Amino acid sequence: MIGEVIVIGDLKLRHDASIDEHDKLGERMFGIVNQLPGFLSVKSFRSDDGEELTVFRFASEDALEAWRTHPEHVETMKRGHAEFYVSGFLEVCKVIREVGPFDHSQQG
């Protein structure tokens, strides 16, 4: 959707990070963001070396701002930097053009 905001997080876990605790907090954060107006989706992928890529989709910048400033999310981000992540970055992107979706399943 034109105007949609996409956040790409590229985070690498510390070698001594508690994966169970990290995942537990991730589930809690998903429960919160999933209830916010304008949240569209999130998908995460973890590589063999522990790096994690997460893609969040929001309907607008206002929707992203509500998530970014949510008090429990703010505290969890602080904890993430202190306990779980050795490095990483976030990219905030705005959709300026959209092509698709494509469905070639009916072609013979």
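Tabulated results
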quantity	calculated
Extreme residue, farthest from Glu4 (Cα to Cα), among residues of the range 49-61 that are among the acidic types (Asp, Glu) and outside any strand (DSSP E or B)	Asp49
Subset of the range 49-80 (residues that are open to solvent by 80 Å² or more (accessible area, probe 1.4 Å), within 18 Å of Phe30 (Cα to Cα) and modelled with pLDDT under 95)	none
Residue that is least open to solvent (accessible area, probe 1.4 Å), among those in the range 1-48 that are assigned to a helix (DSSP H, G or I) and within 16 Å of Glu65 (Cα to Cα)	Val33
Enumeration of residues in the range 81-103 that are part of a loop (DSSP other than H, G, I, E, B), open to solvent by less than 50 Å² (accessible area, probe 1.4 Å) and not small (Gly, Ala, Ser)	Val95
Selection within the range 1-31 - among the β-branched types (Val, Ile, Thr) and farther than 23 Å from Arg97 by Cβ	Ile19
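The values are calculated or read from the model by the stated rules, or taken from the named source; none is laboratory data. Just so we're clear, the structure is a prediction, and the values are computed from it rather than from any experiment. No Cβ is skipped: glycine too gets one built from the backbone with ideal geometry, and neighbour counts run over all protein chains shown. Side chains are part of the model used for accessible areas, which takes the heavy atoms of the whole protein and leaves out ligands, DNA and RNA. Shrake-Rupley method; radii C 1.70, N 1.55, O 1.52, S 1.80 Å.
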